Amino acid sequence: MNGASSVSGAGLDVRSILDRLVSSIALLALAGVAALTFLLALGVLSPAQLGGGWEPATRLFAAPSSLAGWPRLAVLGGSLVVGLGALALMVGRPGGSGSSSFGGLPRAGHHVVTSDDLGFVVVDTEGVRAIVERAVLGSRGVVECIADVRGTGSSPVRVILKVGVRPGTSVQDAADLAREAARDAVERLLGLEIRDVSARVSVLDADELGRWVA
Amino acid sequence: MAPDAEPRRRGRTYIDDEVVSVIARIAAEQVEGVHQLGRSTLRGMMARLGRTGGVDAEIGLKEAAVDLEIVVEFGHPIREVADELRETVIETIEATTGRRVIEVNVYVVDVHLPRLEHTGRTRRVE
């Protein structure tokens, strides 16, 4: 876990380590086989290089390199997916080098909502951005919104909005509404402190409007 | 070991981390405002193949700790959702395993947005 605390009475360490070691080796082997298959199918490696003069191995490695057309593409794609999948599992599994544990507090790209004796609650910057943009898009006249969220960790959030409005909408009103919506979203929905919200409003012309409105 | 010792003194009960992950997942899914656990990316999907996606738990003989990755429904105050989530997960794990939960970390990785009816980026063309 990530905080200062560690679980007491954790008596399964050896078994747990063995389990993780075995599965990591298996995943690494799978990624290795996939990489070799990919390189053979691509023609970067030759079967003779890998076989080292041993006839059965050379024959085995000749299989992916002898393919052409769609079968070759399928093998290339399949080996790539399997290889990347094995690597993703290795990185994503608990205890791996890039454990799915969040890796401490605070981390770049996170906004701290709560931090107490029992742990912490953080929101990813992407989540903050999505909430702000959706909140602003609910404002009258606003058709397009791109939000830039700054200030991570426990520091107050800064929001910079780029807003597109329908023709005929008051730019000043739209800016005020957008800023208010962003502020409300950050404070009420996220529970984060906000430093300032700035908005740049542009009126969309008919072509641009046609792109955004069905 | 005395032959007349209480049954619970005749050996130890070990609980696997994965069991706690499953318990935490079930508890978390019942909390209003939690759309899903874990990321919806390829990594999230791959992680789910091997482990309980979005949940990383650790349990010993006395204590447990859990990390949760969640996607929150838009419109729900995140602080309230997270507080309820932590409370529910702690109560459920403690009631089910008998271990004291010492840490629950919540990482809100994304927000689930409903489709806008009239405007917005979710519908560029008809």
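Is it the case that some residue within region B:78-96 is out of contact with any Lys or Arg (no Cβ under 7 Å at 6 or more places or on another chain), assigned to a strand (DSSP E or B) and at the interface with chain A (Cβ under 8 Å from one of its Cβ atoms)? Scanning region B:78-96 turns up no residue that is out of contact with any Lys or Arg (no Cβ under 7 Å at 6 or more places or on another chain), assigned to a strand (DSSP E or B) and at the interface with chain A (Cβ under 8 Å from one of its Cβ atoms).
Test A:Val186 against the criterion of being within 13 Å of chain B (Cβ to nearest Cβ), in contact with a strand residue (DSSP E or B) (Cβ under 6 Å, 6 or more places away or on another chain), under 12 Å from A:Leu137 (Cα atoms) and at pLDDT 90 or above, and give yes or no.
no
Screening A:Ala48 with (1) away from chain B (no Cβ under 14 Å); (2) at pLDDT 80 or above gives one miss only, at (2).
Please work out if B:Leu42 is at pLDDT below 90 and of a type in the set (A, V, I, L, M, F, W, C).
Yes; evaluated as a whole, the condition is true for this residue.
From the list A:Ala74, A:Ala26, A:Ala88, A:Ala31, which residue is part of a helix (DSSP H, G or I) and more than 30 Å from B:Asp17 (Cα to Cα)?
Details: A:Ala26 fails: more than 30 Å from B:Asp17 (Cα to Cα); A:Ala88 fails: more than 30 Å from B:Asp17 (Cα to Cα); A:Ala31 fails: more than 30 Å from B:Asp17 (Cα to Cα).
That would be A:Ala74, the only listed residue that is part of a helix (DSSP H, G or I) and more than 30 Å from B:Asp17 (Cα to Cα).
Against the definition (at pLDDT 75 or above and touching a strand residue (DSSP E or B) at 6+ places or on another chain (Cβ under 9 Å)), how does B:Glu18 come out, yes or no?
It is true that B:Glu18 is at pLDDT 75 or above and touching a strand residue (DSSP E or B) at 6+ places or on another chain (Cβ under 9 Å).
Report yes if A:Val132 is modelled with pLDDT of 85 or more and over 20 Å from A:Glu180 (Cα atoms), otherwise no. For A:Val132, the condition - modelled with pLDDT of 85 or more and over 20 Å from A:Glu180 (Cα atoms) - is not met.
Would you say A:Gly138 is crowded, with 23+ Cβ neighbours inside 10 Å and modelled with pLDDT under 90? For A:Gly138, the condition - crowded, with 23+ Cβ neighbours inside 10 Å and modelled with pLDDT under 90 - is not met.
Rundown of residues vs (1) within 13 Å of another protein chain (Cβ to nearest Cβ); (2) touching a residue at least 40 places away in the same chain (Cβ under 8 Å), yes/no style:
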site	(1), (2)
A:Asp124	yes, no
A:Val128	yes, yes
A:Glu133	yes, no
A:Thr152	no, yes
A:Gly168	no, no
A:Ala175	no, no
A:Glu193	yes, no
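The values are calculated or read from the model by the stated rules, or taken from the named source; none is laboratory data. Given the structure is predicted, the values throughout are model-derived calculations rather than measurements. Heads up, the Cβs are rebuilt from the backbone with ideal geometry, glycines too, and the neighbour counts pull from every protein chain shown.
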